[in-house]
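J.: What follows is a structure written as structure tokens; I'll ask about it next.
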Amino acid sequence: MNEQTANQTSQVTTPTQQPPTFSEIYQSSITQPQEFWAQQAKRIYWHKEPEQILDDSNLPFAKWFVGGETNLCYNCVDRYLPERAEQDAFIWLSSEVNQELIATFPAVVDAFNDLGNNVEFYTDYTKRRLTYNDLYKEVNYFADVLQRNGIRHGDRVVIYMPMILEATYAMLACARIGAIHSVVFGGFAAHNLAIRMDDAEAKMIITVDAGLRGGKVINYKSLVNQGIEQATVKPEHVLVVDRGILPFKPQPLDVDYATERSISRNANAIVEPVWIESNEPSYLLYTSGTTGTPKGVQRDTGGHAVALATSMDYIYDGQAGETFWAISDIGWAVGHSYMVYAPLLAGMTSVVYEGLPHRPNPGIWWRIVEANKVNILFTAPTGVRMLKKQDETWMTRYDVSSVKSFFLAGEPLDESTAQWLKQHLGVPILDHYWQTESGWPILSNTPKFNHKPHKQGSPGYPMYGYDAHVINEETGEPCAAGEKGLLAIRAPLPPGCLTTVWRNDERFISSYYSLFDGKQYSTSDYAVVDEDGYFHILGRTDDVINVAGHRLGTQEIEEAISTHPEMAECAVVGIHDELKGELPIAFCVLRDQALVATTENRFRLEQQIIGAVVKSLGGIARPAAVYFPPALPKTRSGKILRRAIRALAEGRPTGDMSTLDNPAAIDAVKQAMKDY
Ligand code: PRX
């Protein structure tokens, strides 16, 4: 395929050349995956055509577009220069960078000049636009800076940055030179950074002086310094984007990005894209599982590009020139797929927002929508629930008629939140379901095809490429309609899904493919299919909890608590929360129960435990309550019965307790909650 044809999207066509229905698309993707994905592959530019569409000779390790060579950055940026050079690629808005902040930190304004300006300052927010042409230049400068600092094809680069445009350049620049990025969510603390640095053996860390959250300054650089101290594998360089917020005093490993950028800019640096074999990793994104150590989800290159480009058309119905706003964070899968890569792969404009949903006021989302004519919105229900608690009239003050659909994912979408949005926006409010591992929707609705009406309470039906079904956990047999089971997907997973766990094929198999014949990917979610073929998600099968759409492993929190010297053992469970979906709460058994004999001591210990979690994992993992029972309910084999504890915490019946070894612990847990 040559460059001229690369921009033309293709569709599976029926013999009569009618646009295909969704059922036809789905069927062809399952029965003739090679033909289906060969068609979709035409959506991107291949420097070298794939020799084989699918190699499924070594399942569950599937290889897509084998032998094909491409480059993600080229497909996102260079490819659109002939037609879209002056179209905005990104619109950045920050309600954190407002006049009040600038009055406190005047150097912020100079920093914008050093970093390439294009800035408009308003009283309560700052806006920065970046055309495809601007982005091309910035990404080339950034790639040049990386190369001059020793980064090469295959090296790993940790990106620990807030929601600023330089974070997107960093990702795209890595992709341009074939380096593998690992973005770490800004809400995570030093310990999380250190784990990720070590696992990936990162050669460079890219960070900033400071992030901002609700007007509070977060010292990113200091967290990076602590992370490096804790890590076994030290990076060669720390590249710092100085935003002019906190004083930046370079240390031996530090490199100032603005200085480096000006060298590249003065040289008009252009870095030719490195052509990457389709199956080489493009990035790692660590996610929580059942153990305390996060898994490095490894994404490929060609499959990733093809899958995202296809999803933007078939699922989101996003077209070139339109504006997409994923209200998420760059550190999460949604930020990777639908804030950075997919909108650019589709020639769209992507909105990047640094700020909270209710600051400076609860109208900020809708004001951004109006001012930037956003066409498609995507967020997690938590943010909407936060707005729903505010004065409703904020929703009606702005013209939001540009919006054609609003997608939600990451946690269950409750009916009242969906209704509230629908009533005010008057557009389809579409729940859909996916995971960090899949990188794009597994279950969704498809407004483009008018396939089935959206059904409240369901994230939809399987997307093309996913042979998804609900099976009995014990037998592996398909469940009947209405019967609860495990949501599983028959291998091979379609392009764009994780190809393995970074340097840990065994963990890939044990985490996802240990069931039955080894050819069923387990989502670790319970689900049910109703009579009409809609899927409903019923919660995780493992100890992963979902706080405000953020996925956390309870074991990670338990490990942080266990660092407290007085801790004998502990259990963390997630309990239902109206606003955030779930909240972690901790049950801690102390070496000496007398330590919590007084309210004062109990409070002190509680604060120490919360402090240990926040220090280790960040504020997102902060336990909402800490209880001190003298014992935890356990099975005869010594396993803590977390499901029973969770039921007790939510005031539900504990269910089958036949494996319980120490019945007295049930009352102990109840009493501890009463004492609180
Ligand atoms: O439990 C499911 C829940 O979020 C998990 C995946 O989280 P994460 O890896 O952070 O990826 C989020 C990407 C959108 C799933 O295993 N989940 C995701 N979407 C939904 C959901 N639960 C209910 N309804 C959904 N729509």
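J.: Name every residue in the stretch 182-205 that is in a loop (DSSP other than H, G, I, E, B) and either touching a residue at least 60 places away in the same chain (Cβ under 8 Å) or closer than 20 Å to Leu356 by Cβ (or both), in order of residue number.
T.: Val184, Phe185, Gly186, Gly187, Phe188, Ala189
J.: Any residue that is more than 26 Å from Ile620 (Cα to Cα) and charged (D, E, K, R) - is there at least one of those in the stretch 512-527?
T.: yes
J.: Please specify each residue of the stretch 374-392 satisfying the condition of being away from the ligand (no atom under 16 Å from the Cβ), of a type in the set (Lys, Arg) and either without any contact (Cβ under 8 Å) to a residue 24 or more places away in the chain or closer than 18 Å to Phe407 by Cα (or both).
T.: Across the stretch 374-392, the qualifying residue is only Lys388.
J.: Quick check on Val351: is it at pLDDT below 95 and either charged (D, E, K, R) or surrounded by fewer than 24 Cβ atoms within 10 Å (Cβ to Cβ) (or both)?
T.: It is false that Val351 is at pLDDT below 95 and either charged (D, E, K, R) or surrounded by fewer than 24 Cβ atoms within 10 Å (Cβ to Cβ) (or both).
J.: Now for a different question. For the stretch 498-534: of the residues being part of a loop (DSSP other than H, G, I, E, B) and within 18 Å of Tyr461 (Cα to Cα), which is nearest to the chain's Cα centre (by Cα)?
T.: Taking the stretch 498-534 as the starting set, the residues that turn out to be part of a loop (DSSP other than H, G, I, E, B) are 498-499, 502-504, 513-519, 530-534.
Going one step further and asking which of them are within 18 Å of Tyr461 (Cα to Cα), we end up with 530-534.
Numbers: Asp530: 28, Glu531: 32, Asp532: 30, Gly533: 28, Tyr534: 25 Å.
Top of the filtered list is Tyr534.
J.: Which residues, taken from the stretch 405-434, are modelled with pLDDT of 90 or more, within 16 Å of the ligand (Cβ to nearest atom), assigned to a loop (DSSP other than H, G, I, E, B) and more than 20 Å from the chain's Cα centre (by Cα)?
T.: Pro428 - this is the single residue of the stretch 405-434 that is modelled with pLDDT of 90 or more, within 16 Å of the ligand (Cβ to nearest atom), assigned to a loop (DSSP other than H, G, I, E, B) and more than 20 Å from the chain's Cα centre (by Cα).
J.: Could you tell me whether any residue of the stretch 435-448 is assigned to a loop (DSSP other than H, G, I, E, B) and free of Cβ contacts under 8 Å to residues at least 12 places away in the same chain?
T.: no
J.: In addition: Since Pro343 meets every condition but one in (1) away from the ligand (no atom under 15 Å from the Cβ); (2) of a type outside the set (S, T, N, Q); (3) closer than 24 Å to Gly67 by Cα; (4) in contact with a strand residue (DSSP E or B) (Cβ under 8 Å, 6 or more places away or on another chain), which condition does it not meet?
T.: Tallying (1) away from the ligand (no atom under 15 Å from the Cβ); (2) of a type outside the set (S, T, N, Q); (3) closer than 24 Å to Gly67 by Cα; (4) in contact with a strand residue (DSSP E or B) (Cβ under 8 Å, 6 or more places away or on another chain), Pro343 fails exactly one: (3).
J.: With the condition kept exactly as written, say whether any residue in the stretch 485-503 is surrounded by fewer than 18 Cβ atoms within 10 Å (Cβ to Cβ) and in contact (Cβ under 8 Å) with a residue 60 or more places away in the chain. Before the answer, list the steps.
T.: Applying the first criterion (surrounded by fewer than 18 Cβ atoms within 10 Å (Cβ to Cβ)) to the stretch 485-503 yields 490, 503.
Adding the requirement that they be in contact (Cβ under 8 Å) with a residue 60 or more places away in the chain leaves 503.
Yes, that holds for at least one residue.
J.: Taking the stretch 21-71 as the search range and keeping residues that are touching a residue at least 60 places away in the same chain (Cβ under 8 Å) and β-branched (Val, Ile, Thr), which one is farthest from Tyr513 (Cα to Cα)?
T.: If we take residues in the stretch 21-71 being touching a residue at least 60 places away in the same chain (Cβ under 8 Å) and β-branched (Val, Ile, Thr), then Thr21 is farthest from Tyr513 (Cα to Cα).
J.: Sticking with this one: Show the residue pairs that are 6+ apart or on different chains and have beta-carbon atoms under 8 Å apart, the first residue being within the stretch 167-181 and over 17 Å from Trp332 (Cβ atoms), the second being assigned to a helix (DSSP H, G or I) and of a type in the set (Val, Ile, Thr).
T.: Filtered contacts from the stretch 167-181: Tyr169/Val139; Leu172/Val139; Leu172/Val340; Ala173/Val139; Ala173/Val145; Arg176/Val139.
J.: Taking the stretch 578-603 only, how many residues are part of a helix (DSSP H, G or I), surrounded by 13 or more Cβ atoms within 10 Å (Cβ to Cβ) and not hydrophobic (A, V, I, L, M, F, W, C)?
T.: 3
J.: OK, next. Looking at the stretch 615-648, which of its residues are of a type in the set (Gly, Ala, Ser) and farther than 23 Å from Gly581 by Cβ?
T.: Within the stretch 615-648, Ala631, Ser637, Gly638 qualify.
J.: What's the total number of residues in the stretch 308-335 that are away from the ligand (no atom under 12 Å from the Cβ), acidic (Asp, Glu) and part of a loop (DSSP other than H, G, I, E, B)?
T.: 2
To keep it simple, each residue is scored yes or no on (1) modelled with pLDDT of 95 or more; (2) over 25 Å from the mean Cα position of the chain (by Cα); (3) assigned to a helix (DSSP H, G or I).
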site: Asp124; (1), (2), (3): no, yes, no
site: Asp134; (1), (2), (3): yes, yes, yes
site: Asn140; (1), (2), (3): yes, yes, yes
site: His153; (1), (2), (3): yes, no, no
site: Val157; (1), (2), (3): yes, no, no
site: Met161; (1), (2), (3): yes, no, no
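J.: Separate question: Does any residue of the stretch 251-274 turn out to be within 16 Å of the ligand (Cβ to nearest atom) and at negative phi?
T.: Within the stretch 251-274, the subset within 16 Å of the ligand (Cβ to nearest atom) is none.
Taking every residue of the stretch 251-274 in turn, none turns out to be within 16 Å of the ligand (Cβ to nearest atom) and at negative phi.
J.: I'd like to know if the stretch 351-373 contains one or more residues that are under 30 Å from Asp300 (Cα atoms), within 16 Å of the ligand (Cβ to nearest atom) and in a strand (DSSP E or B).
T.: There is no residue in the stretch 351-373 that is under 30 Å from Asp300 (Cα atoms), within 16 Å of the ligand (Cβ to nearest atom) and in a strand (DSSP E or B).
Here is a yes/no grid of residues against (1) assigned to a loop (DSSP other than H, G, I, E, B); (2) out of contact with any Gly (no Cβ under 8 Å at 6 or more places or on another chain); (3) surrounded by 16 or more Cβ atoms within 10 Å (Cβ to Cβ); (4) among the small types (Gly, Ala, Ser):
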site	(1), (2), (3), (4)
Leu632	yes, yes, yes, no
Arg646	no, no, yes, no
Asp656	yes, yes, no, no
Ala668	no, yes, yes, yes
Lys674	no, yes, no, no
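J.: Can you find, within the stretch 518-554, the residue that is surrounded by the fewest Cβ atoms within 10 Å (Cβ to Cβ) among those that are more than 9 Å from the ligand (Cβ to nearest atom) and among the polar types (S, T, N, Q)?
T.: Thr541
J.: Let me ask something additional. For the structure I just gave you, tell me whether Val145 is crowded, with 21+ Cβ neighbours inside 10 Å, out of contact with any strand residue (DSSP E or B) (no Cβ under 8 Å at 6 or more places or on another chain), at pLDDT 95 or above and of a type in the set (Val, Ile, Thr).
T.: Numbers: crowded, with 21+ Cβ neighbours inside 10 Å: yes; out of contact with any strand residue (DSSP E or B) (no Cβ under 8 Å at 6 or more places or on another chain): no; at pLDDT 95 or above: yes; of a type in the set (Val, Ile, Thr): yes.
So Val145 fails the test.
J.: Turning to a different aspect of this structure: Mind counting the residues in the stretch 437-488 that are near the ligand (Cβ under 9 Å from one of its atoms) and closer than 19 Å to Ser514 by Cα?
T.: Within the stretch 437-488, residues that are near the ligand (Cβ under 9 Å from one of its atoms) and closer than 19 Å to Ser514 by Cα number 3.
The values are calculated or read from the model by the stated rules, or taken from the named source; none is laboratory data. Bear in mind that the values here come from a model prediction, so they are computed numbers and not experimental data. Using ideal geometry, Cβ is built from the backbone for each residue, glycine included, and neighbour counts are taken over all protein chains shown.
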